Amino acid sequence: MTGAAGGGGPRRVSAAAKGGGRSRSAQPRAAGGSGGGSEEEEQRDGGVLFLVNKSGFPLDGQTWERMWGHVERVHPDGSAVAAAIRSASCLARPSVPPVPNYKLSMSIPEWLQAIQTYMKMLQYNHTGTQFFEIRKSRPLSGLMETAREMTRESLPIKCLEAVILGIYLTNGQPSVERFPISFKTHFSGNYFHHVVLGIYCNGRYGSLGMSRRSDLMDKPLTYRTLSDLIFEFEDSYKKYLHSVKKVKIGLYVPHEPHSFQPIEWKQLVLNVSKMMRTEVRKELEKFARDMRMKILKPSSAHSPMKERSRGKSLSPRRRQASPPRRPFRRDKS
């Protein structure tokens, strides 16, 4: 079977390869390692390939065969399970969950739960190949088109895709603020990366997302502060013997699906492993307060030629019309 099978092909292998693949949220990266030069080498994390479908739909033959080859290498049953699926004359038709629709009778927590339930029905992608290419520097309008494609294809997703889909499904709810939260953790000599969509509404924080671990994705809209939410994730990581090294918080994502502004993914970066919890809480609460007051601006709004420095103006220096005069009054300071 080749890529001509269309979007249904990868959907079939997702269930069969469950548990065999690795996701970006749990992809090991060797400490101190460096990437290679080729495009494929750039997608390596600690020697384990992180594959991305860049051919669109239906998958082209090369992407299709590469996905099956990866499944054969990482699945416990190896080539046997791949051969059984690919040689089957009749396979069960995959279910296509309906896209949730907001109703006026719904509360915001109920609507968020409906979105998370939809993501869970899509299932987590265990094939080792991310089906939808997400370029973080892409404008929001382009990422929303990718999210629409996710709802059309109805394929399993990973954590980064879930963030984009969550933004898409919460558009049109101005009382719901969305912002990305990224984690870098360390376990057994390797680094791991994960991202969820932070939610703020009516004075409470929560999250949407996807992960192989049920307590590392969605969180209810019950946390009074941003630091309470982050510490909840940190405590969840401890259950799996992961130590959180860095936390990155982005800015609120605008409710304008046609915006050409990219998402700000890491406005605040905290090396939490080198900080006391009291310090982390102080930084997070100051950042959360500034976000609520709409003080923070995305870096794309700044001059592309020069980064903003604390205490320095971004306006160009004025050209002096004449040499400065010699001061007559002595400075008494």
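The values are calculated or read from the model by the stated rules, or taken from the named source; none is laboratory data. Since we're looking at a predicted model, the values are computed, not measured. No Cβ is skipped: glycine too gets one built from the backbone with ideal geometry, and neighbour counts run over all protein chains shown. Surface accessibility is based on the protein's heavy atoms, side chains included, excluding ligands, DNA and RNA. Shrake-Rupley method; radii C 1.70, N 1.55, O 1.52, S 1.80 Å.
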Checklist entry - Can you pull the percent of region 175-281's accessible area that's carbon plus sulfur, 1.4 Å probe, other chains left in place? => result 50
Next on the checklist: Could you tell me the relative contact order of region 44-301? Use alpha-carbon pairs under 8 Å, at least six residues apart, and round to a whole percent.
Outcome noted: 16
Checklist entry - Residue by residue through region 162-171, which ³J(HN,Hα) values in whole Hz follow from phi under the Karplus form 6.51 cos²θ - 1.76 cosθ + 1.60 (θ = phi - 60°), with glycine and proline marked x? => result 5, 4, 5, 5, x, 5, 4, 6, 9, 4
Item to check | Approximate spin-label separation MET293-SER89, in nm, with each point projected 7 Å along Cα-to-Cβ | outcome: 7.2
Checklist entry - Can you give the accessible area of SER175, probe radius 1.4 Å, in Å² rounded to 10? => result 60
Checklist outcome for this item: Counting only protein heavy atoms and leaving out ligands, DNA and RNA, the solvent-accessible surface of TYR237 at a 1.4 Å probe, in Å² to the nearest 10, equals 10
Checklist entry - LYS286: net charge of surrounding residues, Cβ under 12 Å, Lys/Arg +1, Asp/Glu -1, itself excluded? => result 0
Checklist entry - What does the accessible area of LYS286 come to, in Å² to the nearest 10, when a probe of 1.4 Å is used? => result 100
Checklist entry - Over region 44-301, how many percent of alpha carbon pairs lie in each 10 Å bin up to the one with the longest distance? => result 6, 28, 35, 22, 8, 1, 0
Item to check | Derived scalar couplings ³J(HN,Hα) [region 79-95; Karplus, 6.51 cos²θ - 1.76 cosθ + 1.60; whole Hz; x for Gly, Pro] | outcome: 5, 4, 5, 5, 5, 5, 6, 6, 9, 5, 7, 9, 10, 5, 6, x, 6
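Counting only heavy atoms of protein chains, what accessible area per residue, in Å², does region 108-209 have with a probe of 1.4 Å?
Dividing the accessible area of region 108-209 by its residue count gives 29 Å².
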Checklist entry - Which FRET efficiency, nearest 0.05, do GLU133 and GLU256 yield, Cβ-Cβ r, R0 22 Å? => result 0.45
Item to check | Kirkwood Rh (inverse of mean 1/r, distinct Cα pairs), region 103-193, angstrom | outcome: 14.7
Item to check | Surface share of carbon and sulfur [accessible, 1.4 angstrom probe, percent] for region 113-171 | outcome: 45
